[in-house]
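Structure first, then comments.
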Amino acid sequence: GSYSQPTVQALKNQATPIGRNTYLNYTNTLAGAPAPVSNGESYRFYPQAYWYAGPFGLMGEYVVSTQHLSGISKTGAVNIKQSNTAWQVLASYVVTGEDNSFASIKPIQQFSPLEGKWGALQLAARWSQLDVDNDTFLLLDPNKSASQARAWTVGANWYLNNYALIRTDYEQVSFDGGAAKGGDRPTERVFATRFQLSF
């Protein structure tokens, strides 16, 4: 967890995990008012647990983030206590027989196709959700920022050796709110891949 003394700070917008599209934007205020700021004590509590046994892996995390916001509502200046919550569950399995790990996987056989060696392959799935405190929308336009985001992700991690990794992920994120006339933002669907060295 963490705790901070009162300070005036700009607020960080929230974006989807892979697509990085902003769905909670603190500059999209009601009636064009200035963006609210964090102005007061803040604390975050985020317990996490994980379990690995052979090729299996499971991790869970829950977050409560509380801060005080100062801004302009339809009725004038207000201060609110914003408490957002989020959680995620991640499951993974290493199909090539290596031990799963919170850190990177160490391939039993380094990638060498001429020798019939292909490295290590890990499959993974994640479920996550963020809920924004309803009082936030005393300050923000609910037609431009979502109050909830729910995501599921499936992916494959191909460890070529101890220093090279190819990742592929498909993620789907659905929203509550954030569209005109009280509607929901369109569901985001993203496929991403990357090649990474020295992870």
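The numbers here are math on the coordinates, done by the rules we state, and not lab data. Because the structure is a prediction, the values reported are computed rather than measured. As a convention, Cβ positions derive from the backbone with ideal geometry for all residues, glycine included, and neighbour counts pool all protein chains shown.
What to note about this one:
- Using a cut-off of 19 Å between Cα atoms, the listed pairs Lys144/Lys181; Lys12/Lys144; Lys12/Lys181 include Lys12/Lys181 as exceeding that distance.
- Dividing the convex hull volume of the alpha carbon atoms of the chain by its residue count gives 122 Å³ per residue.
- In order along the stretch 112-124, phi translates into HN-Hα couplings of 7, x, 5, 9, x, 10, 10, x, 10, 10, 10, 9, 8 Hz, rounded to whole numbers, per the Karplus curve 6.51 cos²θ - 1.76 cosθ + 1.60 with θ = phi - 60° and x for Gly and Pro.
- The HN-Hα couplings worked out from phi for the stretch 135-140 by the Karplus form 6.51 cos²θ - 1.76 cosθ + 1.60 (θ = phi - 60°) are 5, 4, 8, 6, 10, 9 Hz, whole numbers, x standing for Gly and Pro.
- Computed from backbone phi, the HN-Hα couplings of the stretch 71-80 come to x, 10, 9, 5, 9, x, 5, 9, 10, 10 Hz, rounded to whole numbers (Karplus: 6.51 cos²θ - 1.76 cosθ + 1.60, θ = phi - 60°; Gly and Pro given as x).
- Cβ-Cβ FRET estimate between Lys12 and Trp118, R0 fixed at 30 Å, reported to 0.05: 0.15
- Computed over the stretch 55-147, the range of Cα coordinates on each principal axis works out to 72, 22, 16 Å, biggest value leading.
- Annotation: amide H-H contacts under 5 Å for Ser145 (H modelled 1.01 Å from N, sequence separation of 5 or more, or interchain): Gly178.
- Loop-resident chymotrypsin sites (Phe, Trp or Tyr not before Pro) (DSSP state other than H, G, I, E or B) in the stretch 8-111 with no more than 12 further Cβ atoms inside 10 Å of their Cβ: Phe102.
- For Ser73, the residues 5 or more places off, or on other chains, whose built amide H falls under 5 Å of its own are Val78.
- Take every pair of alpha-carbon atoms less than 8 Å apart whose residues are at least six positions apart; their mean separation over the length of the chain yields a relative contact order of 16 percent.
- Proximal lysines to Lys117, defined as alpha-carbon separation beneath 20 angstrom and excluding residues fewer than eight positions away on the same chain: Lys106
- Modelled FRET efficiency - R0 30 Å, Tyr163 with Ser2, Cβ distances, 0.05 increments: 0.35
- Highest-MSF residue in the chain out of Ala124, Ala151, Ala164 [GNM, Cα springs under 10 Å]: Ala164
- Residues of the stretch 41-72 with amide N under 18 Å of the 7 Å Cα→Cβ point at Thr96: 54-57
- In the distance distribution for the stretch 132-198, Cα-Cα pairs more than 21 Å apart total 46 percent.
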